[in-house]
Amino acid sequence: MKIQTEAVHFSADSQLLTFVEQKISKLEQFFNRISQAQVVLKMSRLGKKIEHIAEIKLHVPNGFIYIKESSKSFEAALNKAVVLLRLQLLRYKMKRFSYGLI
């Protein structure tokens, strides 16, 4: 799987990029036909509060799976997004299995 990481309006350090790679690569345990993952990390300011946003788009056969999560830190936002992506991947896999496409 090819993983593309983009940081919008800030520069991500190597520790954050390594964390992203580890979390996204674990998704292949649930569905091994993911061809590409696009991760966009953003910072949004809501008044005095700063939100960290993680958007993940997985390219799977016949489409893609997209999730967007925000939290107080990028690590927390990525953890939330990966948990939800895991559920969506399992649902996608079961749907394909029921149609005989796997």
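No value in this document is a laboratory result; all are computed from the given coordinates. As the structure is a computational prediction, the values presented were derived from the model and not from experiment. Counting neighbours? That spans all protein chains shown, and the Cβs are built from the backbone with ideal geometry, glycine included.
Results, tabulated for the structure shown:
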| item | result |
| --- | --- |
| Matching residues in segment 3-42 - criterion: being out of contact with any Ser or Thr (no Cβ under 9 Å at 6 or more places or on another chain), surrounded by 14 or more Cβ atoms within 10 Å (Cβ to Cβ) and not charged (D, E, K, R) | THR5, ALA7, PHE19, LEU27, PHE30, PHE31, ILE34 |
| Qualifying residue in segment 65-77 (condition: of a type in the set (A, V, I, L, M) and out of contact with any Leu (no Cβ under 7 Å at 6 or more places or on another chain)) | yes |
| Only one of TYR99, TYR92 that is of a type in the set (Phe, Trp, Tyr) and either exposed (fewer than 13 other Cβ atoms within 10 Å of the Cβ) or touching a Ser or Thr at 6+ places or on another chain (Cβ under 9 Å) (or both) | TYR99 |
| Search result, residues across segment 61-81 that are out of contact with any His (no Cβ under 7 Å at 6 or more places or on another chain), part of a strand (DSSP E or B) and surrounded by fewer than 18 Cβ atoms within 10 Å (Cβ to Cβ) | GLY63, PHE64, TYR66, ILE67, LYS68 |
| Extreme residue, farthest from the chain's Cα centre (by Cα), among residues of segment 35-57 that are of a type outside the set (Lys, Arg) and farther than 18 Å from LYS68 by Cβ | GLY47 |
| All positions within segment 43-56 that are surrounded by fewer than 17 Cβ atoms within 10 Å (Cβ to Cβ) and not aliphatic (A, V, I, L, M) | SER44, ARG45, GLY47, LYS48, LYS49, GLU51 |
